[in-house]
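Beneath this line is the structure, given in structure tokens, with notes to follow.
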Amino acid sequence: MPSTSHRPRKRFGQHFLHDPRVLARIVDSIDPQKDDCIVEIGPGEGALTRPLLEKVGKLEAIELDRDLAASLAAQFPPWRLTVHCADALEFDFARFPAGMRLAGNLPYNISTPLLFHLAQYAERVRDMHFMLQLEVVERMVAAHSTPEYGRLSVALQVRFQMKKLFKVARGAFRPPPKVESALVRLVPLERPLRVDEDLLRKAFSARRKTLKNALPGIDFAALGIDPRLRPENLSPQDYARLSMNSIL
């Protein structure tokens with residue numbers, strides 16, 4: 001079991017997962033194979049690192065906290081575990097081979113920008129399994145015309161097939177976060193769609209307005225879209241069509 005001597009640092013958004021039953025369910029969900037290239041983001045004290053290393057020949061890990069990175073690196077030989085002391089928000093994941101599998105208990109304070117960053121590498125990824133706050137997971141998988149549906153939903157759904165796997169209670173972490181959590185799986189689509197990020201940002205910053213007011217200058221009738229609808233009523237496929245035909 002990992003040491004509990006490390007004091008969680010709020011500035012890093014650290015909440016260490018310690019429940020062995022939850023950890024076992026995560027590993028079962030990932031189903032790691034010996035030759036998989038698995039990259040763990042935010043290994044912390046190594047609670048998930050250890051059971052993953054029991055399944056794979058080698059593991060890559062990205063940890064921002066220098067103390068935790070040094071501690072993990074000291075516990076395992078480099079041919080088994082390579083710890084990159086770096087900020088995942090700025091890390092170039094293209095250095096890993098195509099077909100890599102990403103996993104981890106992501107820092108909740110940077111979860112949304114980190115997801116946008118990782119989405120850039122979708123074509124090089126086999127799948128992703130992340131522990132996130134439940135609210136973010138529900139936004140990720142939300143259907144259009146629901147309150148949870150927004151920019152994050154569209155931006156990820158045009159690139160990934162996603163599924164909320166299971167919820168995790170606050171008590172599974174040290175210290176307990178103020179929110180519930182959930183494990184989510186992301187699998188890149190064989191034929192991803194393209195959406196204009198500026199268009200998404202503009203649309204959902206005015207989500208209470210009708211489309212003709214939120215996105216003026218677009219001929220919605222020519223695209224077969226009712227301009228009286230609101231941004232949350234359009235599907236990811238609709239936004240892909242708008243991105244191909246709109247000039248903002």
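The values are calculated or read from the model by the stated rules, or taken from the named source; none is laboratory data. Computed from a predicted model, the values in this text were never measured in an experiment. Cβ placement follows ideal geometry from the backbone for every residue including glycine, while neighbour counts extend to all protein chains displayed.
Taking helices (runs of 4 or more DSSP H) as the structural unit, those lying wholly within the range 12-118 and holding at least 2 residues that are in contact with a Lys or Arg (Cβ under 8 Å, 6 or more places away or on another chain) correspond to 20-30.
Results for (1) under 17 Å from Thr112 (Cα atoms); (2) in contact (Cβ under 8 Å) with a residue 12 or more places away in the chain, shown as yes or no for each residue.
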position: His129; (1), (2): yes, yes
position: Leu134; (1), (2): yes, yes
position: Val137; (1), (2): yes, yes
position: Arg170; (1), (2): no, no
position: Val187; (1), (2): no, yes
position: Pro192; (1), (2): no, yes
position: Leu199; (1), (2): no, yes
position: Ala214; (1), (2): no, yes
position: Gly224; (1), (2): no, no
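Of Leu48, Leu68, all but one fail to be farther than 30 Å from Arg191 by Cβ, surrounded by 21 or more Cβ atoms within 10 Å (Cβ to Cβ) and in contact with a Pro (Cβ under 9 Å, 6 or more places away or on another chain); the exception is Leu68. For the subset of the range 159-196 comprising residues that are in contact with a Ser or Thr (Cβ under 9 Å, 6 or more places away or on another chain) and either of a type in the set (Asp, Glu) or within 16 Å of Gln120 (Cα to Cα) (or both), which member is surrounded by the most Cβ atoms within 10 Å (Cβ to Cβ)? Restricting to residues being in contact with a Ser or Thr (Cβ under 9 Å, 6 or more places away or on another chain) and either of a type in the set (Asp, Glu) or within 16 Å of Gln120 (Cα to Cα) (or both), the top hit is Val195. Against the conditions (1) closer than 15 Å to Arg230 by Cβ; (2) in the same structural domain as Arg101 (by TED's automatic domain parsing), Lys202 satisfies every one except (2). Can you find even one residue in the range 109-116 that is over 20 Å from Pro236 (Cα atoms) and crowded, with 19+ Cβ neighbours inside 10 Å? Looking through the range 109-116, at least one residue is over 20 Å from Pro236 (Cα atoms) and crowded, with 19+ Cβ neighbours inside 10 Å. Scanning the range 206-222 for residues that are touching a helix residue (DSSP H, G or I) at 6+ places or on another chain (Cβ under 8 Å) and under 18 Å from Pro147 (Cα atoms) yields Ala206, Arg207, Lys209, Leu211, Ala214. Looking across the range 152-189, the residues that are outside any strand (DSSP E or B) and modelled with pLDDT under 95 come down to Ala169, Arg170, Gly171, Ala172, Pro175, Pro176, Pro177, Lys178, Val179, Glu180.
Here Ile110 clears all of (1) β-branched (Val, Ile, Thr); (2) more than 15 Å from Phe166 (Cβ to Cβ); (3) under 9 Å from the mean Cα position of the chain (by Cα) except the condition numbered (3).
With respect to Glu148, is the statement that it is closer than 25 Å to Phe204 by Cα, surrounded by fewer than 19 Cβ atoms within 10 Å (Cβ to Cβ), touching a Lys or Arg at 6+ places or on another chain (Cβ under 7 Å) and not assigned by TED's automatic domain parsing to the domain that holds Asn233 true?
Judged against the criteria, Glu148 is a match.
Checked against the criterion of being farther than 16 Å from Ser111 by Cβ and acidic (Asp, Glu), the candidates Glu197, Glu180 yield just one match: Glu197.
Do we have Leu132 as closer than 23 Å to Asp28 by Cα and assigned to a helix (DSSP H, G or I) here? Judged against the criteria, Leu132 is not a match.
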